[in-house]
Amino acid sequence: MRHLSFLVIALFALGCAPMSGFWMRNQEVHIPTVNNNVCKRLDKSVVLYAVFVDSEATNPWTTHDIESTLDSIRVAMQWVEGQAQDRCIPLNIEQDYHRTEKGVVPIEAKFTRKTLRATLSSGSGVKNVDRWADKIGREVLKTFPKDTAQITKTEIKPKDRERLIARIRDDHKVDQVALMYFINNYYSQEISVAMHTGSHEDPEYAIVSYKEPAVVAHEFLHLFGALDLYMSPFNTRKNDLKRKAFAMKKFPDEIMAFAYRNLDSLSISPFTEYLIGWDNSLDEEYVKMITNKKIKVAKY
Ligand SMILES: [Zn+2]
């Protein structure tokens with residue numbers, strides 16, 4: 001259930017990671033955000049692959065909506081690259097998106113409970129959202145030219161979104177693929193989520209509901225290990241609230257705390273730098289944003 005505990009963090013903005021999400025080596029605690037899963041560390045070459053999805057309760061994607069979302073993705077990734085450049089981190093983000101010879105044809109896939117929010121809050125929510133993501137992966141793969149290298153005789157059947165990630169990796173000759181599904185919720189209340197970000201088994205992916213560049217950048221950073229630092233209605237535990245309050249005060253322009261502001265006014269804090277692999281050590285002062293326990297956090 002390790003992946004679930006971390007999913008919960010990414011989802012519901014819990015600054016405190018349950019200890020089960022960590023592992024110990026040489027008395028050091030490893031937070032599974034760096035050197036783990038598909039998006040290991042935000043550096044060198046990365047592909048952001050966007051898939052436009054029409055679902056029952058969302059607005060159908062119009063050409064204008066798609067164009068402006070692609071613009072937002074460009075702005076968001078320029079910002080992320082700029083942040084990397086300021087810190088002398090080599091980073092090149094290639095942007096690609098699903099399209100056919102007819103242009104962008106959104107994939108149709110319904111959530112089991114109409115909206116993403118309702119589906120995730122219901123029993124087996126994670127499983128059902130994963131199924132939704134797999135179905136889309138399958139549909140996207142169908143539109144790709146046949147790839148003979150895909151034929152294997154292995155008994156292990158990868159999930160469809162894993163096959164999609166493998167295919168994007170092959171096509172782009174890049175290991176790190178940030179898979180992002182976009183649903184068109186501009187006018188309604190919906191959530192954006194990053195799934196399986198600390199998992200050792202399930203590849204991570206994000207579902208983005210809004211097209212603001214800051215939201216796109218925020219979810220993209222989740223895929224590389226960043227944790228939420230804002231207070232949400234889901235935070236009810238006193239310790240969570242204390243940690244979030246500390247983070248919001250300490251880092252007044254942190255993107256993981258204030259995703260609904262203008263991107264130009266935001267930055268990446270030392271805490272997030274550590275989680276995404278831009279800094280190899282975490283200041284002791286910030287360890288309490290993860291846990292109250294006295295721990296030694298690993299250097300990467
Ligand atoms: Zn978030």
Fill in: Qualifying positions in the range 216-241 - aliphatic (A, V, I, L, M), more than 9 Å from the ligand (Cβ to nearest atom) and in a helix (DSSP H, G or I)
Val216, Ala217, Leu223, Leu241
Worksheet entry | Subset of the range 44-78 that is among the polar types (S, T, N, Q) and modelled with pLDDT of 95 or more - its residue that is most open to solvent (accessible area, probe 1.4 Å) | Gln78
Discussion item. Given the options Asn292, Asn262, Asn235, name the one that is out of contact with any Leu (no Cβ under 8 Å at 6 or more places or on another chain) and more than 29 Å from Gln78 (Cβ to Cβ).
Written reply: Asn292
Discussion item. For the condition within 15 Å of the ligand (Cβ to nearest atom), open to solvent by 30 Å² or more (accessible area, probe 1.4 Å) and closer than 26 Å to Ile89 by Cβ, what is the one hit in Met248, Met195?
Written reply: Met248
Practice prompt. Could you tell me which of the residues Ile207, Ile183 is more than 13 Å from the ligand (Cβ to nearest atom) and open to solvent by less than 10 Å² (accessible area, probe 1.4 Å)?
Written response: Ile183
Fill in: Which numbered condition Glu162 fails, given (1) touching a residue at least 60 places away in the same chain (Cβ under 8 Å); (2) open to solvent by 50 Å² or more (accessible area, probe 1.4 Å); (3) not aliphatic (A, V, I, L, M)
(1)
Discussion item. Looking at the range 188-210, I want the residues that are free of Cβ contacts under 8 Å to residues at least 60 places away in the same chain and have a partner that is away from the ligand (no atom under 13 Å from the Cβ) and open to solvent by 20 Å² or more (accessible area, probe 1.4 Å) with Cβ atoms under 9 Å, at least 6 apart or on another chain. Which pairs are those?
Written reply: Tyr210/Tyr186
Discussion item. If Arg261 meets every condition in (1) closer than 14 Å to Leu221 by Cβ; (2) at pLDDT 90 or above; (3) assigned to a loop (DSSP other than H, G, I, E, B) apart from one, which number is that one?
Written reply: (1)
Worksheet item: Which members of the range 250-268 meet the condition of being charged (D, E, K, R) and under 21 Å from Asp279 (Cα atoms)?
Response: Lys250, Asp253, Glu254
Worksheet entry | Boolean, Asp253 is among the charged types (D, E, K, R), away from the ligand (no atom under 14 Å from the Cβ), open to solvent by 30 Å² or more (accessible area, probe 1.4 Å) and touching a strand residue (DSSP E or B) at 6+ places or on another chain (Cβ under 9 Å) | yes
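The values are calculated or read from the model by the stated rules, or taken from the named source; none is laboratory data. If you're wondering where the values come from, they're calculated on a predicted model, not measured in any experiment. Here the Cβ is made from the backbone with ideal geometry for all residues, glycine too, and neighbour counts use every protein chain on show. Note: areas computed on protein heavy atoms with side chains; ligands, DNA, RNA excluded. Shrake-Rupley method; radii C 1.70, N 1.55, O 1.52, S 1.80 Å.
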